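Report on the following structure.
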Amino acid sequence: MAAQLSIAKALNEALRKSLENDPKTLLMGEDIGKLGGVFRITDGLQKDFGDSRVIDSPLAESGIVGTAIGLALRGYRPVVEIQFDGFVYPAFDQIVSQLAKMHARALGHVKMPVTIRIPYAGGIGAVEHHSESHEAYFAHTAGLRVVSPSSAHDAHWMLRQAIESDDPVIFLEPKRRYWDKGEVGDAADLGLYDARIVRPGTDATLIAYGPMVKVCLEAAAAAEEDGRRLEVVDLRSLSPVDFAALEESVKRTGRGIVVHEAPVFLGMGAELAARLTERCFYHLEAPILRVGGYHAPYPPSRVEEAFLPDLDRVLDAVDRALAY
Amino acid sequence: MTVKSTARARKKAAPGVPDTLRATGTDTQPELVQLLTPEGERIEHPDYPLTTTPDELRALYRDLVLVRRFDAEATALQRQGELGLWASLLGQEAAQVGSGRAMRTGDYAFPTYREHGVAWCRDVDPLNLLGMFRGVNHGGWDPNEKNFHLYTIVIGAQTLHATGYAMGITKDGADDAVIAYFGDGASSQGDVNEAFTFASVYNAPVVFFCQNNQWAISEPTTTQTKIPLYRRASGFGFPGVRVDGNDVLACLAVTRWALDHARSGNGPVLIEAFTYRMGAHTTSDDPTRYRPSEETEAWKAKDPITRLRALLEKEGLAEEEFFASIEAESEQLGLRVREGVRTMPDPDPTLIFDHVYAEPHTLVDEERAEYVEYAASFEAGENL
């Protein structure tokens, strides 16, 4: 492939390849057919694969996930699209109580190869319920896998890997990055659950995923002007977490800062900070710090920039970490 | 009894919507399909003809008696502390056996947690059903072995699984159908209504089999609906029919019709089996707090087993010897269930980690290793 693609196009190509490679793979969701999805991620797929493989569904999220479970029981590999992050909550029981637990309840007799794609998080000036970061709910649920790419290459290959997985995968697409372009290589260069060092450094480790990876890269570039060399790790997978990679990096730099859009309280950062503190205590020069959203509903778009971590908030945390 | 017809013949015979489905009814004067009166009289119904051989009638009687015995045994085992909980089907045997025996091998059932009679008809070992209630697993059987899905406790969630499975049947071009079981309480759930929508618009071969046993724990059906439940179907664009849920022959005939209707490409059907839960919701419940005893007494007169026995005796289709043999078989089943439960092994605690994921997951692997090491430390005496 080795082409420059937007994340949106890279995802589209991943779905196309998955549909081509396995006749049991099918797509379901609202407006994914003729419209190609509200973000056009499924653009052209119904035309090429037909409406029995790319299925416009009724406007019912629990129904979309619940019927995907039944299709998986029948041997299909459903990939469903939830139109926006905040609309997934009506499907919560089907995801956390049904989909996540089916394999365990059947003592392994059935598999649930269901991928749930969700355009998530903010920064696009949307109205309410269109900018939520709910990764902690799903990562907290045993039986689910949760991943989020930050580049076109990862968007493509991680989605293909997710669809091939025999476990249910919550696939969080950073919607404000849909139009960012990058080179998509010819093959997956990492396992789906491996973290990636996207910028090496020595003074502190910035840990991020999805939309915040770009913010952290910008922060690292700015910090370099001040002579600070920050390492940026793209977590990629939120369940499981590649703690080995994080531990190695934090032990080397002595400082760790977790950055995400979701509210800090009981978020991914809380878990990462706690575990890294347990594992790296004698190597740490400062407590693991967290940068994220506030304990407030996602705000109206005119003030969302105050809610979302930006370069300055990340650099401020770097200053605090280095001051210890 | 109706002979086994070919798929082609079934398609040709794909029935329209019988007149009765257009009828209205109320809960107090239910207009329901009945083929066997409480007194044991066979009656004909123009839309649901059913011919039965004496052997088939005797087999249905055997099913009803054994299913009731299994249920009674499980209730007793709960009282003895062998099961943590039991959801009794007492009174609903005909609805379950009639619908269960209407299924073909390739058909698939999605139960709630009370479909012990349907499991029986699917040839699922009754002991499998007890693991969840004893606390040794959350289900545990392979749903695809007998086409009988795991019990689902969250009310109505399984109706969507059934619908999705049925959508898969359509995609496969297969000649099978699905039954989704649920209760009158579940009819209020969003998932059930979403399942109706999906099944309807995708023409999925699924029969929604609602056992209206009149009570959702302590709440009467009138708390769930202001119209007879079978009429909900018309708003979703498919037929609904109310059947005497204590009449095994009517349940058999109507379900067989509905499954054929669905598998012939005509889309879903809602069946409301009008029945009664004679016991408690579960063994944790106390129906005397909310339910008048006169009501329970009135339903006792409609007992599904008594009326089939009356027919067998009246028509001279079974001798005392037959009834005695069923009784003996029932004793054997009771014994097997009692012994089976008492000797059911507790799982190894590492079961906690065994099937969380189909593929390896580092966190689960780590926690398993931690647990194993911790448990081993007791054996080594380190924590004593």
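The values are calculated or read from the model by the stated rules, or taken from the named source; none is laboratory data. Predicted model, so just to flag it, every value in this text is computed and none were measured. Cβ coordinates were reconstructed from backbone atoms using ideal geometry, including for glycine residues, and neighbour counts include every protein chain displayed. Accessible surface areas use protein heavy atoms only, side chains included; no ligands, DNA or RNA. Shrake-Rupley method; radii C 1.70, N 1.55, O 1.52, S 1.80 Å.
Couple of notes before you dig in:
- Loop-located GluC sites (Glu not before Pro) across segment B:35-130 with a Cβ neighbour count of 16 or fewer within 10 Å are B:Glu39, B:Glu41, B:Glu44, with loop assigned by DSSP.
- Using alpha-carbon coordinates, inclination of helix A:61-73 to the longest axis of chain A, degrees: 70
- Loop-located GluC sites (Glu not before Pro) across segment B:259-324 with a Cβ neighbour count of 13 or fewer within 10 Å are B:Glu315, B:Glu319, with loop assigned by DSSP.
- Calculated mean residue ellipticity, 222 nm, chain A: -10000 deg cm²/dmol, from DSSP H runs (n ≥ 4) at -39500 (n - 2.57) each, averaged per residue and rounded to 500.
- Whole-Hz couplings from phi, Karplus 6.51/-1.76/1.60, listed for segment A:15-32; x for Gly and Pro: 5, 4, 4, 5, 5, 5, 6, 9, x, 8, 6, 9, 10, 9, x, 7, 6, 7
- Between B:Arg342 and B:Ala301, residue separation times 0.36 nm minus the direct Cα-Cα distance comes to 11.2 nm.
- Total buried accessible area between B and A, probe 1.4 Å, nearest 100: 3600 Å².
- Note on segment B:286-384: Cα-Cα pairs beyond 20 Å make up 72% of the total pair count.
- Near the amide H of B:Tyr108, within less than 5 Å, lie the amide hydrogens of B:Ala177, B:Val178, B:Ile179, all on another chain or at least 5 residues away, with H placed in the peptide plane.
- Percent accessible area from carbon and sulfur atoms, the protein assembly as shown, protein chains only, probe 1.4 Å: 52
- Bridging of A:Lys111 to lysines at a Cα separation below 19 Å is possible for A:Lys24, A:Lys101, B:Lys146, once same-chain residues fewer than 8 apart are set aside.
- Neighbouring Cβ atoms from other chains, within 10 Å of the Cβ of residues in B:149-159, number 4 on average.
- Taking segment A:236-266 and a reference point 7 angstrom along Cα→Cβ of A:Ile197, the backbone N atoms nearer than 11 Å belong to A:245-246, A:248-253.
- Using the Stokes-Einstein relation with a Kirkwood hydrodynamic radius computed over Cα pairs, the translational diffusion coefficient of chain A at 4 °C and a viscosity of 1.567 mPa s comes to 65 µm²/s.
- Tensor-based shape of segment A:153-304 (alpha-carbon gyration tensor, a/c under 1.5 rounded, otherwise prolate or oblate): rounded
- Förster radius 25 Å - calculated FRET efficiency between A:Asp189 and B:Ile352, Cβ distance, rounded to 0.05: 0.15
- Dipole size of segment B:228-288 about its Cα centre, with +1 on Lys/Arg Cβ and -1 on Asp/Glu Cβ: approximately 280 debye, rounded to the nearest 20.
- DSSP-defined beta bridges in segment A:113-179 - what % are antiparallel, rounded to 5: 0
- Separation in nanometres of the label points that stand 7 Å from Cα toward Cβ, at A:Gln4 and B:Glu370: 4.7
- Using just its DSSP H runs of length 4 or more, each adding -39500 (n - 2.57), chain B gives a mean residue ellipticity at 222 nm of -13500 deg cm²/dmol after division by all residues.
- Inter-label distance, nm, simple model (7 Å from Cα along the C-beta direction), B:Ile43/A:Arg40: 6.5
- Loop trypsin sites (Lys or Arg not before Pro), segment B:222-264 (other Cβ atoms within 10 Å of the site Cβ: 14 or fewer; DSSP): B:Lys226
- Exceeding the 32 Å Cα-Cα cut-off - candidates A:Lys9/A:Lys251; B:Lys226/B:Lys314; A:Lys34/A:Lys175: A:Lys9/A:Lys251; B:Lys226/B:Lys314
- Antiparallel bridges, percent of DSSP beta bridges restricted to the protein assembly as shown (to nearest 5): 20
- The angle between the Cα long axis of helix A:243-253 and the longest principal axis of the Cα atoms of chain A comes to about 20 degrees, rounded to the nearest 10.
- Size of chain B: Rg and Dmax of its alpha carbons, in Å, are 22.0, 77.
- Excluding ligands, DNA and RNA, the accessible surface per residue across the protein assembly as shown is 40 Å² with a 1.4 Å probe.
- Put a dot 7 Å past the Cα of B:Thr53, heading toward its Cβ, do the same for B:Thr222, and the two dots end up 4.8 nm apart.
- Helix runs (DSSP H) in chain B reaching 24 Å along axis by Cα, Kyte-Doolittle at least -1.0: B:54-79, B:320-342, B:362-379
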